[in-house]
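The values are calculated or read from the model by the stated rules, or taken from the named source; none is laboratory data. Please read these numbers as outputs of a predicted model, since none were measured by experiment. Ideal geometry is used to build each Cβ from the backbone, glycine not excepted, and the neighbour counts take in all protein chains shown.
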Amino acid sequence: MTFSQKNLNPNETIALDLHPHWWYFSGPVMALVVSIIGGIWALTTDGGSNVGKAMRVVFLAALVLTAIWVVARYLKWMTTNFVITSHRLIFRTGVLAKKGIEIPLERVNNVNFNQSVFERVLGAGDLLIESGGEDGQSRFSDIKHPDQVQRMIHSQMEIAAERRGGYSRSAGTAGTASVADELERLEGMLQRGTLSQEEFDSQKRKLLG
């Protein structure tokens, strides 16, 4: 299920819409597999004794419960979205009861990702976003290719900053589009690797010129 367009503000567009990585299903699926194997073993053994009958009941109950767990996890996966728009970061989850986080791009201070060796092989990981809001830090788990998502966030932040700078210049206001602010933005892009040293030097010469 994709993120609904009705939740967007006017002139806001979606740059990325993600459900959790498939590793999100690992716990319930493993439990279901174990229950199936146990059920097969219980059925193929001598079921005449009371112990055999009890084992069948136990594994049947485990099979039903783990199947329900898988279905519930799938429904939650379908209704969990990590969205990057032209203005915000949005996280929504919940089938019946909903909860979510929204972070304006201009309040994002830092974006870090973390991957273990195993997660790197799978293409999954965690994102830690530091913002100027009340929460300060927000961690998001089971993100697909978090390094690419990190670059996408930085790209949208830069586009949003340029857009705000254009608005300020057209309105004749000072500050946002000042040379010092532009240099600070370019230095941030250089540190994040989105600008090469040559590109940074060229842009800097244009500003100072």
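Assorted remarks:
- Residues that are at pLDDT below 75, surrounded by 13 or more Cβ atoms within 10 Å (Cβ to Cβ) and either touching a strand residue (DSSP E or B) at 6+ places or on another chain (Cβ under 7 Å) or not polar (S, T, N, Q) (or both) within region 165-185 comprise GLY165, ALA177, ASP181, GLU182, ARG185, listed in sequence order.
- Among the residues of region 110-139, those identified as loosely packed, with under 13 Cβ neighbours inside 10 Å and closer than 15 Å to SER26 by Cβ are SER116, PHE118, VAL121.
- Checked against (1) under 13 Å from the mean Cα position of the chain (by Cα); (2) more than 26 Å from ASN11 (Cα to Cα), VAL121 passes all but condition (1).
- Of the strands (runs of 3 or more DSSP E) lying entirely inside region 1-99, those carrying at least 2 residues that are touching a residue at least 60 places away in the same chain (Cβ under 8 Å) and in contact with a Leu (Cβ under 9 Å, 6 or more places away or on another chain) are 81-85, 88-93.
- Selection from region 56-115 of residues that are of a type in the set (A, V, I, L, M, F, W, C) and in contact with a strand residue (DSSP E or B) (Cβ under 8 Å, 6 or more places away or on another chain): PHE82, VAL83, ILE84, LEU89, ILE90, PHE91, ILE101, ILE103, LEU105, VAL108, VAL111, PHE113
- Screening LYS98, LYS53 for residues that are of a type in the set (D, E, K, R) and exposed (fewer than 12 other Cβ atoms within 10 Å of the Cβ) leaves exactly one candidate, LYS98.
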